[in-house]
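Any read-out appearing in this document is the output of simple, stated calculations on the displayed coordinates, not a laboratory observation. The structure presented is a predicted model; accordingly, all values stated were derived computationally and were not measured. No Cβ is skipped: glycine too gets one built from the backbone with ideal geometry, and neighbour counts run over all protein chains shown.
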Amino acid sequence: MNSPTKLEINDQMVFFSSSEHMEELQDKCIDIIITSPPYNRGKHYSIDENDENAYNDAIPEQEYLSFLSRVWKECYRVASESAVFFLNIGDSANDQGISEKVALSAASVGWIRIQDIIWVKSIHGRGHYTPSGNSRRFNNTWEHIFLFVKNKRKYKLDTKAVGIPYADKSNIGRYGKEDLRDPGNVFHIEYEKTTGNIIKKGHDAPFPIGLPYMCIKAVPNSKTILDPFLGTGTTLAASFCLGKKGFGYEKYPRIDLILQTIQHGSDYRPKPMILIPHYEITIKKLVEMLEKTTPKLLADSKKSLLEFEITLDTLKKLGIQSVLVTQLESYQKSNKLS
């Protein structure tokens, strides 16, 4: 029985072939490209039928960069004039600087580099990364997301579509009417789950759905998404979740895993954003509550009123359902705090 050559599910099309030749796609038909290429450091990428038939992720560097350049050239062909390209890659202990070479390989075929976004996978113990346990270096807790465009004059971003609330609420009105600001070029996106059993999953380095979800939301009026190195299918899961038409290429697919990933795309809900200063305020106010007898004393000035509301909002976002939260809500309602 012959293996399938493509898969279509939930308006997402996956081609089980190399993205060096994306013959199925017309010129200028893609609005957003999001991908993380093989890192060329011995990661494990295999197919369903035969685990021995796996991608060689340890080829000579120049051969690796030439291969990527061919893919980036095809991406450039299928990209619309307003297309935005998010390229995720990180360094390791043995290949510091390879990410910069990969970025240069994209620029060499015509992509225009706009900026480097830093994807923080873990901060102060919150999140996930693989600890090295050695005495030669610090662990890598972040990776690059290089932002490229095809035409500098025609692309647009809507940074507030993935914005964050102000830590200092006095800024509301100063820079806009909403409690919303540009998140900046440092994204803290945690893994929903760790990678688990590598052989079972067939992919050693999937990125979390929050990464493509955020990238897609940041590009207004986009309709079509492409991932030339689809892996587990996370990009198309985000595409499905946001109602876009998605295309992916994967030469070494775990088809059941791709199906499962895309199907569960509609289940994804980004976690509510809680700013670190708001965590600090909440801890401070909870400590005060242990020392005072009534919530009223927590809201006896404009500053303490604001802190009271931040505390209540943080507890709700954390999903805490308790007598304490009920009492605070009741106090807020009875005193018409807003």
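At a Förster radius of 25 Å, what calculated FRET efficiency corresponds to the Cβ-Cβ distance of ASP267 and LYS160, to the nearest 0.05? All intermediate terms of the calculation are to be shown ahead of the outcome.
Numbers: r = 25 Å, r/R0 = 1.02.
After rounding to 0.05, the efficiency reads 0.50.
Estimate the FRET efficiency between ASP168 and GLN115 by the formula 1/(1 + (r/R0)^6), using the beta-carbon distance for r and 30 Å for R0, to the nearest 0.05. Show your work: numbers first, answer last.
On the way: r = 25 Å, r/R0 = 0.84.
Approximately 0.75, to the nearest 0.05.
Close amide H partners of ALA83, meaning residues 5 or more places away or on another chain with modelled amide H under 5 Å apart, are LYS150, ASN151. Here's how it looks for ILE274: its modeled amide H is under 5 Å from none belonging to a residue 5 or more places away or on a different chain.
Distance between the 7 Å Cα→Cβ label points at ILE276 and THR326: 3.6 nm. Residues whose amide H comes within less than 5 Å of that of SER17, counting only those at least five positions distant or on another chain, are GLU250, LYS251 (H built at 1.01 Å from N in the peptide plane).
Going by how many other Cβ atoms sit within 10 Å of their own, how do ARG70, ARG254, ARG136 line up, fewest first? Working shown, then result.
On the way: ARG70 15, ARG254 21, ARG136 6.
So the residues, fewest neighbours to most, are ARG136, ARG70, ARG254.
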